[in-house]
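Q: The structure that follows is given in the form of structure tokens.
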Amino acid sequence: MERKALYAGSFDPVTNGHLNIIERAAGIFDSLTVVIAVNANKKYLFSIDERLEIMRKATEHLPNVKVDTFSGLLADYVNEHGFDIYVRGLRATTDFENELQMAQMNARLFSRGTETLFLMTDPQYSFISSSLIKEVASFGGSVDGLVPEYVVSRIRSKFQED
Ligand code: COA
């Protein structure tokens, strides 16, 4: 039986921590859809088209990975597409409480018994978050090795635009 997994986030921008989770999940499941959230109330550095293009490039070496976008309730997207597994990455105990709450809420909303499954982040990426990357880069600090090489230049040119 084919196992369809989903990984979701804002990916503003995608980091090497996210990619580590994506590569590992793609190795476990038959197919993995990476879905990029569009939240009208959130201010993003990269537009949805830019995040989509960056994620497609970041995952082009993974043949069983698809990239999509969604807005609204994640559970609606999950139910509509019939995913078996919803993958989340856990970086530290501080992530746990919020993740537990979301997993338990989603369990009520998932209509086909979709399971939330946690992968522990590789320790070398456990301190990374997209906000921290943007903050460091906005002051001209180096984010080399924390995001894919071409994302480094994309972030740099964003802050040069301002
Ligand atoms: N490596 C590096 N960073 C990671 C990471 C990893 N493995 N895992 C998470 N992060 C970072 C993200 O970059 C993000 O950083 P930021 O806040 O600085 O941008 C932060 O940790 C939180 O990540 P995440 O929990 O994935 O949040 P998100 O905003 O990227 O995406 C959604 C959250 C979109 C999946 C979630 O809010 C959602 O489902 N929204 C839809 C509405 C909904 O259904 N709500 C009810 C939920 S029960």
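The values are calculated or read from the model by the stated rules, or taken from the named source; none is laboratory data. Just so we're clear, the structure is a prediction, and the values are computed from it rather than from any experiment. Heads up: the accessible areas ignore ligands, DNA and RNA and are worked out on the full protein's heavy atoms, side chains in. Shrake-Rupley method; radii C 1.70, N 1.55, O 1.52, S 1.80 Å.
Q: Straight distance only, please: which aspartates and glutamates reach the Cα of residue 158 with their own Cα at less than 19 Å, same-chain residues fewer than 8 apart left out?
A: Counting by Cα, and skipping residues close in sequence, residue 158 has these aspartates and glutamates nearby: 12, 49, 50, 53, 135, 144, 149.
Q: For the full complex of protein chains and a 1.4 angstrom probe, list 51, 156 by accessible area with the highest value first.
A: Values: 51 5, 156 130 Å².
Descending accessible area places them as 156, 51.
Q: Now for a separate question. If segment 50-94 were replaced by its equivalent ellipsoid, with semi-axes equal to the square roots of 5 times the Cα gyration tensor eigenvalues, what would those be, largest first, whole Å?
A: On the way: eigenvalues 79, 60, 32 Å².
Largest first, segment 50-94 gives 20, 17, 13 Å.
Q: What are the residues whose amide H is under 5 Å from the amide H of residue 4, where those residues sit 5 or more places off or on another chain and H is modelled from the backbone?
A: For residue 4, whose amide H was placed from the backbone, the distant partners under 5 Å are 84, 85.
Q: Taking each pair of different alpha-carbon atoms in the chain once, compute 1/r for the pair, average those values, and report the inverse of that mean as the Kirkwood hydrodynamic radius in Å to one decimal.
A: Working: mean 1/r = 0.0611 Å⁻¹.
Hydrodynamic radius (Kirkwood, Cα pairs) of the chain is 16.4 Å.
Q: Can I ask one more? Name the residue, out of 84, 144, 12, whose mean-square fluctuation peaks in a Gaussian network model built on the chain with Cα pairs under 10 Å.
A: Between 84, 144, 12, it is 144 that shows the largest mean-square fluctuation.
Q: What residue among 127, 11, 110 has the largest mean-square fluctuation in a Gaussian network model of the chain, using Cα springs under 10 Å?
A: It is 127.
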